[in-house]
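**Q** Encoded as structure tokens, here's the structure I'll be asking about.
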Amino acid sequence: MTVIAAYLYRNGQRVREVSITERIDCAEDKSEFVWIGVASPTAEEMRTLQQNYNLHPLAVEDAIKADQLPKVDIYGEQLFVVARTAHVEEQAIAYGETAIFVGHSHIISVRHGSARGHIELRHALEAVPDRLAHGVDYVLHAILDFIVDGYLPIVEGIEEEVLTMEQHTVDNFLGRDEITRIFNLRRQLIRFQRILGPMQEVATKFVKIDLPCIDPETRPYFSDVRDHVRRVQTMVDDLREVLNSVFEFSNLLEQQRTGTITRQLAAWAAILAVPTAIAGIYGMNFEHMPELKARYGYFVVLAVILLICSILYRRFRKLNWL
């Protein structure tokens, strides 16, 4: 396990560094608490935290496995919160998990596969002692808000790509690689929605339900997190619609082009059928044929062919078939 940071805070100020092997007894006042951040812990190291902070074994098991959807579990006077992080990796959305144990005087975050650490977040909170002094519920809000804010750049990046693809569709036909990319993006967005739905439910619980360790005064903050999730959900829904529109529009253009080519081929086939038919008749070698023995019969037949082809050509041009 990598212990990213573990500190004791009192009245919004960092007091000292702590070890995960020691039990810290804090005052009843919420302004004194321990904030521990770890990444990819082993089962033994999690058991150490479990013993020192009386963590529920089911929550510890979930934190080790790191295969949970976002949720909030209540274990006595403690909360167990699971949130999913997201980042772009090789043109695809990759996911991590952050499990958070919240007690009256401790908050422990366990990260798996997250590309963004909490060091900057910790420094930002420490720069505002008055807020940090309110206790663990404000730290919990800050962590959830930090995770949700990481969703927006991902969606905005996909949005730029989709808009570029949409403009390209107007000017050119989509190739195989572009169509494959559209389906890949649709699959990624569908999977992303499976994360956003539970994340909104998590934020909603903090807004509407009385939970241990969470003061009612923090509800507006969690409501802000919920609004951010909803905004991302709306953007993802819109992007899915745009991707469907791009694909359907490309199909319509392709069908239109195919119809145009088919009409052109039919028009030229009709025009060429005239000289083919006349030449075929004269190629039968009958003795009695119109203008067969006339001096200018060959030129008359050619003139008739050209006249009929010219009439057909002008007619098809008027119909926009050529």
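**Q** Rounded to the nearest 20 debye, what is the charge dipole size of the chain about its Cα centre when +1 sits on each Lys and Arg Cβ and -1 on each Asp and Glu Cβ?
**A** I would put it at about 2120 debye.
**Q** Can I ask one more? When Lys and Arg each count +1 and Asp and Glu each count -1, what net charge do the other residues less than 14 Å away from F101, Cβ to Cβ, add up to?
**A** Net local charge, F101 excluded: -4.
**Q** In whole percent, what relative contact order does segment 43-109 give with Cα contacts below 8 Å and a gap of six or more residues?
**A** This gives 23 percent for segment 43-109.
**Q** Helix 136-149: angle to the longest alpha-carbon principal axis of the chain, degrees 0 to 90, nearest 10?
**A** That helix lies at roughly 10 degrees to the long axis.
**Q** Can I ask one more? What part of the accessible area of the chain, given as a whole %, is carbon or sulfur when the probe is 1.4 angstrom?
**A** 53
**Q** For the full complex of protein chains and a 1.4 angstrom probe, list K65, K71 by accessible area with the highest value first.
**A** Accessible-area ranking of K65, K71, largest first: K65, K71.
**Q** Under a Cβ-Cβ cut-off of 15 Å, what is the net charge of the residues other than I311 that fall near it, where Lys and Arg count +1 and Asp and Glu count -1?
**A** The answer is +4.
**Q** Helix-only mean residue ellipticity at 222 nm, the chain, DSSP H runs n ≥ 4 weighted -39,500 (n - 2.57), per residue, nearest 500. What is it?
**A** That calculation yields -20000 deg cm²/dmol at 222 nm.
**Q** Does segment 22-163 come out rounded, prolate or oblate, given a ≥ b ≥ c as the square roots of the eigenvalues of its C-alpha gyration tensor, rounded meaning a/c under 1.5 and, failing that, prolate meaning a/b above b/c?
**A** oblate
**Q** Between exposed GluC sites (Glu not before Pro) in the chain, where DSSP calls loop and at most 14 other Cβ atoms lie within 10 Å, what's the longest gap?
**A** Between exposed loop sites, the widest span is 91-286.
**Q** May I ask which residue of H118, I278, V18 lies farthest towards the positive end of the charge dipole of the chain, with charges of +1 (Lys, Arg) and -1 (Asp, Glu) on Cβ and the Cα centre as origin?
**A** Of the candidates, I278 comes out farthest on the positive side.
**Q** Which residue, F146, V102, L307, has the largest displacement toward the positive end of the dipole of the chain when charges sit on each Cβ (Lys, Arg +1; Asp, Glu -1)?
**A** Going by the Cα projections, it comes out as L307.
**Q** Grab the other residues whose beta carbon is less than 14 angstrom from that of I4, score K and R as +1, D and E as -1, and report the net.
**A** Local net charge: 0.
**Q** Still on this model: Accessible area per residue for the chain in Å², computed with a 1.4 Å probe and the full protein assembly in place, what is it?
**A** Result: 55 Å² per residue.
**Q** What does the convex hull of the Cα atoms of the chain come to per residue, in Å³, rounded to a whole number?
**A** 183
**Q** By average Cβ neighbour count within 10 Å, what is the ranking of 131-139, 226-234, 109-117, 267-275 from highest down?
**A** 131-139, 109-117, 226-234, 267-275
**Q** Now for a different question. What number, in percent, do you get for the relative contact order of segment 17-137 if the mean sequence gap of Cα pairs under 8 Å and at least 6 apart is divided by its residue count?
**A** 28
The values are calculated or read from the model by the stated rules, or taken from the named source; none is laboratory data. Keep in mind that what you see is a predicted model, and the values were worked out from it rather than measured. Cβ coordinates were reconstructed from backbone atoms using ideal geometry, including for glycine residues, and neighbour counts include every protein chain displayed. When the accessible area is computed, the model is the full protein with side chains, heavy atoms only, and any ligands, DNA or RNA have been set aside. Shrake-Rupley method; radii C 1.70, N 1.55, O 1.52, S 1.80 Å.
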